[in-house]
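Let me begin by presenting the structure, written as structure tokens, before commenting on it.
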Amino acid sequence: MMMKPPGPKPALLLPLLLVLLHSPSILAKDPAQTAATVCAACHGVDGNSTDPAYPKLAGMNQEYLLRQLRAFASGKRRDEAMTGIIAGIDVADFPALAAYYGKQKRKPGVVRDAGLAAQGKRLYEDGNTESGVPACAGCHQPDGEGNARFPLLAGQHQAYILKQMADYRSGRRATDPLMTAVSKRLTTEETKALAEYIAGL
Ligand code: HEC
Ligand code: HEC
């Protein structure tokens with residue numbers, strides 16, 4: 001298990017944030033204010049969350065971030081915390097929020113198991129021809145920096161990567177048929193190795 005840094009418990013935080021969101025008098029309308037008062041609680045002020053349950057948003061392509069905000073709003077992508085939060089945000093603020101996180105600098109992650117990461121590196125760069133897993137590097141780039149089409153992965157929390165692969169596989173995240181296919185071809189061990197390698201990119 002991963003060590004959780006001390007901080008507010010999400011289970012307690014979420015109801016409070018939802019109340020805040022539905023009280024327009026308390027919450028400022030400026031998207032930068034929304035980022036600082038609402039999103040920062042989970043994603044960190046600069047988009048480099050410290051709690052591995054919440055993804056780092058810093059440095060991600062703005063178009064990608066915007067697509068994901070819309071996917072949460074439409075229900076194509078579902079998550080206990082984000083689905084509730086996004087319902088309280090004005091869609092007109094989505095582009096400014098995406099731009100805010102796109103401009104932040106991504107901080108590196110922490111590799112805990114170098115052996116596992118080495119296994120992940122092979123898969124990331126070459127895929128697995130036997131099971132039909134394509135090389136992640138082909139789309140997400142060898143350094144994991146991604147581009148306008150393929151999201152930045154480098155430095156992301158292991159726990160978040162593992163949850164996304166599970167959500168693509170189960171259909172809870174139905175934002176990309178290709179990633180759904182990729183997630184279904186990976187074994188649990190391979191997925192863990194990839195997450196460990198990605199954290200250190
Ligand atoms: C209570 C905690 C919480 C708050 C507050 C929160 N988020 Fe999230 N956010 C999450 C979680 C958890 C996920 C991962 C969801 C999943 O597993 O699909 C996420 C995912 C995201 C993603 C997708 C990232 C990716 O790599 O695909 C974006 C974009 C995002 N949040 C933006 C925001 C914005 C903008 C706000 C403020 C308006 C916000 N979040 C507030 C918990 C939160
Ligand atoms: C053919 C291109 C392609 C290949 C190959 C590919 N991906 Fe992706 N990946 C994408 C696209 C496009 C998205 C964004 C999809 C969406 O909007 O949900 C994505 C999203 C992801 C995400 C979610 C990122 C986030 O911030 O939520 C993860 C994790 C991921 N890919 C991991 C991998 C891994 C690991 C591999 C290799 C086994 C891989 N991908 C191979 C195209 C690709």
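The residues of region 144-171 that are touching a helix residue (DSSP H, G or I) at 6+ places or on another chain (Cβ under 8 Å) and at pLDDT below 95, listed by number, are Gly146, Ala148, Arg149, Gly171. Looking only at residues of region 79-96 that are open to solvent by 30 Å² or more (accessible area, probe 1.4 Å), part of a helix (DSSP H, G or I) and of a type outside the set (A, V, I, L, M), we find that the one that is farthest from ligand 1 (Cβ to nearest atom) is Pro95.
How many residues does region 97-118 hold that are part of a helix (DSSP H, G or I) and under 18 Å from the mean Cα position of the chain (by Cα)? It would help to see each step written out before you state the result.
So in region 97-118, the residues part of a helix (DSSP H, G or I) come out as 97-102, 114-118.
From the residues that got through so far, the ones that are under 18 Å from the mean Cα position of the chain (by Cα) too are 97-102.
Residues flagged as part of a helix (DSSP H, G or I) and under 18 Å from the mean Cα position of the chain (by Cα) within region 97-118 amount to 6.
For region 49-78, filtered to residues that are more than 9 Å from ligand 1 (Cβ to nearest atom) and polar (S, T, N, Q), the residue that is surrounded by the fewest Cβ atoms within 10 Å (Cβ to Cβ) is Ser74.
Return a yes/no flag: does region 164-171 have any residue that is more than 8 Å from ligand 2 (Cβ to nearest atom), within 14 Å of the chain's Cα centre (by Cα) and under 22 Å from Ala114 (Cα atoms).
We begin by selecting, within region 164-171, every residue more than 8 Å from ligand 2 (Cβ to nearest atom); these are 166-167, 169-171.
This time we only want the ones that are within 14 Å of the chain's Cα centre (by Cα), so: 166-167.
Still in the running and under 22 Å from Ala114 (Cα atoms): none.
No, every residue in region 164-171 fails to be more than 8 Å from ligand 2 (Cβ to nearest atom), within 14 Å of the chain's Cα centre (by Cα) and under 22 Å from Ala114 (Cα atoms).
Would a scan of region 141-151 turn up a residue that is outside any loop (DSSP other than H, G, I, E, B) and of a type outside the set (Phe, Trp, Tyr)? Within region 141-151, none of the residues are outside any loop (DSSP other than H, G, I, E, B) and of a type outside the set (Phe, Trp, Tyr).
Screening Thr129 with (1) under 19 Å from Tyr64 (Cβ atoms); (2) among the β-branched types (Val, Ile, Thr); (3) over 15 Å from the mean Cα position of the chain (by Cα); (4) open to solvent by 30 Å² or more (accessible area, probe 1.4 Å) gives one miss only, at (1).
The values are calculated or read from the model by the stated rules, or taken from the named source; none is laboratory data. What you see is a predicted model; the values in this text were computed from it and never measured. Cβ: placed from backbone, ideal geometry, glycine included. Neighbour counts: every protein chain shown. Heads up: the accessible areas ignore ligands, DNA and RNA and are worked out on the full protein's heavy atoms, side chains in. Shrake-Rupley method; radii C 1.70, N 1.55, O 1.52, S 1.80 Å.
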